[in-house]
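For reference, the structure is listed below as structure tokens.
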Amino acid sequence: MERVPILKIGDILLVSIQIDMSDQTAVTLQEDLAERIVATGCHGVIIDITALDIVDSFVGRMLSTIASISKVLDAETVVVGMRPAVAITLVELGLSLNGIRTALNVERGMELIAATRDDDLGYDDPEDVESGTAATSS
Amino acid sequence: MTAGVDLGPKTQAIGSDEDVVRVRQLVRTVAVAVKLSLVDQTKLVTAASELARNTLIYGGGGTAEVTVVEDGRRRGVRIVFADSGPGIVDLGLALTDGYTTGGGLGLGLSGSRRLVDDFDIQTAPGEGTRITITKWSR
């Protein structure tokens with residue numbers, strides 16, 4: 001069975017899927033990623049599907065599951081590089097990709113993760129920090 | 001390029017999830033050879049992936065036969081998925097979005113029907129399932 005490599009870049013894990021995955025390969029990727037998130041303490045996961053010419057319901061579910069698992073492990077997942085034909089087909093198939101955040105490319109994905117982390121930590125709003133109510137209001 | 005592609009009928013056995021990958025690759029090759037548009041190729045390969053997985057999981061394995069068809073004006077790709085599994089008891093229910101007996105998303109049958117031009121299913125309890133799909137060039 002082939003395995004999809006997971007690269008660590010700073011605080012982000014980057015997965016670029018370059019092969020036509022069997023279902024078993026997809027499940028293994030899910031498990032490998034969960035382990036790497038915990039082992040590295042990374043707070044972001046970018047899944048690059050530029051090379052995928054289809055996303056069927058199995059891979060779609062894998063992407064949703066990875067997003068949910070990483071959320072529980074305190075990491076944000078962004079799926080990048082979806083081809084237009086893949087997006088059209090996914091919608092017609094009826095797959096909603098629940099809970100998945102998307103960006104056009106890896107660079108935008110990294111920006112999205114950085115922005116999300118800043119929001120969560122309240123870095124953008126010094127006034128709230130002063131008033132002491134920052135943590136609960138948003 | 002297409003001159004070198006053999007357009008005769010081809011059969012792929014489906015007995016493992018690696019075979020589901022092979023079905024996708026075979027269907028893609030034929031869809032490109034008959035010059036389906038990129039979106040139509042994507043839809044057909046996605047539908048084939050769903051149905052090949054169904055053949056494996058619910059039918060206990062079977063075959064996919066890929067044929068190039070012509071109706072005078074246009075060409076298309078026809079795929080027959082056949083298994084000798086338990087068959088489908090309630091076809092109406094099986095074709096409903098979200099219904100599954102296998103722990104999936106319940107989009108395989110209903111979703112793939114939306115992705116192709118012609119969809120025919122022959123099944124009876126204890127007599128296996130035979131699904132024929134066709135995608136025509138525009």
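Summary of computed values
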| quantity | calculated |
| --- | --- |
| Filter result (within 12 Å of the chain's Cα centre (by Cα) and over 23 Å from residue B:123 (Cβ atoms)) within segment B:44-68 | B:45 |
| Close pairs (8 angstrom Cβ cut-off, 6 or more residues apart or separate chains): without any contact (Cβ under 8 Å) to a residue 40 or more places away in the chain in segment B:109-124, assigned to a helix (DSSP H, G or I) and open to solvent by 50 Å² or more (accessible area, probe 1.4 Å) anywhere | B:114/A:92; B:119/B:113; B:121/B:91; B:123/B:91 |
| Segment A:19-49, residues that are open to solvent by 40 Å² or more (accessible area, probe 1.4 Å), more than 14 Å from every other protein chain (Cβ to nearest Cβ) and in a loop (DSSP other than H, G, I, E, B) | A:43 |
| Odd one out for residue A:74 among (1) in a loop (DSSP other than H, G, I, E, B); (2) of a type in the set (D, E, K, R); (3) out of contact with any Gly (no Cβ under 9 Å at 6 or more places or on another chain) | (3) |
| Failed condition for residue A:87, given (1) closer than 27 Å to residue B:16 by Cβ; (2) within 14 Å of another protein chain (Cβ to nearest Cβ) | (1) |
| Elements of type strands (runs of 3 or more DSSP E) in segment B:1-95, at least 2 residues being open to solvent by 30 Å² or more (accessible area, probe 1.4 Å), charged (D, E, K, R) and more than 9 Å from every other protein chain (Cβ to nearest Cβ) | B:62-70, B:75-83 |
| Boolean, residue A:121 is more than 14 Å from residue A:50 (Cα to Cα), among the aliphatic types (A, V, I, L, M), crowded, with 20+ Cβ neighbours inside 10 Å and out of contact with any Phe, Trp or Tyr (no Cβ under 6 Å at 6 or more places or on another chain) | no |
| Flag if residue A:62 is among the aliphatic types (A, V, I, L, M), under 13 Å from the mean Cα position of the chain (by Cα) and open to solvent by 20 Å² or more (accessible area, probe 1.4 Å) | no |
| Residues located in segment A:95-111, provided they are open to solvent by 50 Å² or more (accessible area, probe 1.4 Å), over 14 Å from residue A:81 (Cα atoms) and either in contact (Cβ under 8 Å) with a residue 24 or more places away in the chain or under 13 Å from the mean Cα position of the chain (by Cα) (or both) | A:98, A:99, A:111 |
| When residues of segment B:96-110 are limited to those that are among the hydroxyl-bearing types (Ser, Thr, Tyr) and part of a loop (DSSP other than H, G, I, E, B), the one farthest from the other protein chains (Cβ to nearest Cβ) | B:101 |
| Hey, residue B:114 within 14 Å of chain A (Cβ to nearest Cβ), open to solvent by 40 Å² or more (accessible area, probe 1.4 Å) and on the phi < 0 side of the Ramachandran plot or not | yes |
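The values are calculated or read from the model by the stated rules, or taken from the named source; none is laboratory data. Keep in mind that this is a model prediction, so the values were computed, not measured. No Cβ is skipped: glycine too gets one built from the backbone with ideal geometry, and neighbour counts run over all protein chains shown. Side chains are part of the model used for accessible areas, which takes the heavy atoms of the whole protein and leaves out ligands, DNA and RNA. Shrake-Rupley method; radii C 1.70, N 1.55, O 1.52, S 1.80 Å.
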